[in-house]
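Notes follow the structure.
The values are calculated or read from the model by the stated rules, or taken from the named source; none is laboratory data. From a predicted model like this one, the values you see are computed outputs, not experimental measurements. Glycine gets a Cβ as well: all are built from the backbone with ideal geometry, and neighbour counts include every protein chain shown. For accessibility, only protein heavy atoms count, side chains too; no ligands or nucleic acids. Shrake-Rupley method; radii C 1.70, N 1.55, O 1.52, S 1.80 Å.
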Amino acid sequence: MLSKEQGVAPGSDYYIYTPSTQARSLFLYPVITGYFRYLPGYCLKRTSLDSFLVMYMKKGQCEVDFANRHYQARENQIVLLDCYAPHSYYSSEGWEAEWLHFDGNGARGYYEAALTGAAPVITLKNTYRFEKYLHKIYLQFKDSPSVKEALLNNYIVNILTELLVSQEAANPGMISADLISDSIAYINEHLTDPLSLNELAAQASLSPFYFSRLFKKETGFSPHNYIITTRISNAKFLLRSSDASIKHVCFSTGFTSESSFCTCFKKETGVTPSEYREQARK
């Protein structure tokens, strides 16, 4: 459809989409997509629009007001807005942009993860993949008589993943998350070994005190509790899926004695290993 909105140049087009009930429950989906040339003086102010907006600045620049703060978006930058909240964008010079309003199951989670407290104007080092998938969505409506909702969901996820990865790379706080992810991988690989706090801290090149605090912040567990919980989870699987003896399960999951294994297991699950196996089989 050709736009007749005041302040938008003739030839600018947009496409409105009504998702199926399946898409609403399962997917991210487009609400409106378009390619606009905004004329000098264009101004849009909204109290709310039930969607999230991602807009790629092809040319020019615009001003963005959101959450009582002011931002400027320039050529090759991306605007990501929660349109459920009041927002506005405008320019005295005009700009050209390809844009997408989207929503769906998990949309807010993606939005919040992609921003992580940063400004809603994002700069990517390489916009190729972002541009490609955004344009694919636009072309799905412009050139195709029918659309595939699962494919559209995939394109939107790819777009948001590009933004998410760029924010992680630019956020120093993400380094700590990477360290703890490496530590968790190390724990899983050495679960039957006698893992100590000093060993884990050394593996992460951190002091034991700082490592413990960082681990708790990222996982919600102390290192010791995480190891015990993971060992118990492995023990549950073995008790359900094999006829291995309690003693064998104990030592194959990293516990050093049957008594400590049974004590930890009952504390975690409320039943003994033998009772758990019996209940699981029933």
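Table: residues versus (1) among the hydroxyl-bearing types (Ser, Thr, Tyr); (2) in contact (Cβ under 8 Å) with a residue 40 or more places away in the chain; (3) farther than 19 Å from Ile159 by Cβ.
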residue	(1), (2), (3)
Gln22	no, yes, yes
Ser25	yes, yes, yes
Leu39	no, yes, yes
Cys43	no, yes, yes
Leu49	no, yes, no
Leu53	no, yes, no
Gln61	no, no, yes
His70	no, no, yes
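Can you list the helices (runs of 4 or more DSSP H) lying wholly within region 209-282 that have 2 or more residues being among the polar types (S, T, N, Q) and modelled with pLDDT of 90 or more? Can you show your working first?
Values: elements: 223-241, 246-252, 258-269, 273-281.
By residue number, 223-241, 258-269.
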>> Of the conditions (1) within 21 Å of the chain's Cα centre (by Cα); (2) surrounded by 15 or more Cβ atoms within 10 Å (Cβ to Cβ); (3) at pLDDT below 90, Ile175 satisfies every one except a single condition; which number is it?
In response: (2)
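Look through region 30-54, keep the residues that are in contact with a helix residue (DSSP H, G or I) (Cβ under 9 Å, 6 or more places away or on another chain) and under 17 Å from Leu139 (Cβ atoms), and return whichever of them is most open to solvent (accessible area, probe 1.4 Å). Before you say what the answer is, go through the steps one by one.
Taking region 30-54 and keeping what is in contact with a helix residue (DSSP H, G or I) (Cβ under 9 Å, 6 or more places away or on another chain), we get 30, 33-35, 51-52, 54.
Narrowing further to those that are under 17 Å from Leu139 (Cβ atoms): 30, 33-35, 54.
Details: Pro30: 2, Thr33: 1, Gly34: 0, Tyr35: 54, Val54: 1 Å².
Here the residue is Tyr35.
Please state which one of Glu278, Glu258, Glu218 is touching a Cys at 6+ places or on another chain (Cβ under 6 Å) and surrounded by fewer than 19 Cβ atoms within 10 Å (Cβ to Cβ).
On the way: Glu278 fails: touching a Cys at 6+ places or on another chain (Cβ under 6 Å); Glu218 fails: touching a Cys at 6+ places or on another chain (Cβ under 6 Å).
Residue meeting the stated conditions: Glu258.
Is it the case that some residue within region 80-88 is of a type outside the set (Phe, Trp, Tyr), surrounded by fewer than 17 Cβ atoms within 10 Å (Cβ to Cβ), out of contact with any Cys (no Cβ under 6 Å at 6 or more places or on another chain) and within 26 Å of Lys142 (Cβ to Cβ)? First the steps, then the outcome.
Initially, region 80-88 is screened for residues of a type outside the set (Phe, Trp, Tyr), giving 80-83, 85-88.
In the following step, the residues that additionally are surrounded by fewer than 17 Cβ atoms within 10 Å (Cβ to Cβ) were identified as 85-86, 88.
Remaining after also requiring out of contact with any Cys (no Cβ under 6 Å at 6 or more places or on another chain): 85-86, 88.
Checking the rest, the ones that are also within 26 Å of Lys142 (Cβ to Cβ) come to none.
No, region 80-88 has no match at all.
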>> Being surrounded by 16 or more Cβ atoms within 10 Å (Cβ to Cβ), farther than 16 Å from Leu53 by Cβ and charged (D, E, K, R) is true for just one of Glu149, Glu98. Which residue is that?
In response: Glu149
> Can you pull out the residues in region 2-20 that are free of Cβ contacts under 8 Å to residues at least 24 places away in the same chain and in contact with a strand residue (DSSP E or B) (Cβ under 6 Å, 6 or more places away or on another chain)?
Replying inline: Leu2, Tyr14, Ile16
> Based on what the data block shows, is Thr18 assigned to a strand (DSSP E or B) and of a type in the set (Ser, Thr, Tyr)?
Replying inline: no
> Looking at Ile187, is it in contact (Cβ under 8 Å) with a residue 40 or more places away in the chain and of a type in the set (A, V, I, L, M, F, W, C)?
Replying inline: yes
>> Ile122 - would you say it is aliphatic (A, V, I, L, M), under 25 Å from Asn153 (Cβ atoms), modelled with pLDDT of 95 or more and open to solvent by less than 20 Å² (accessible area, probe 1.4 Å)?
In response: no
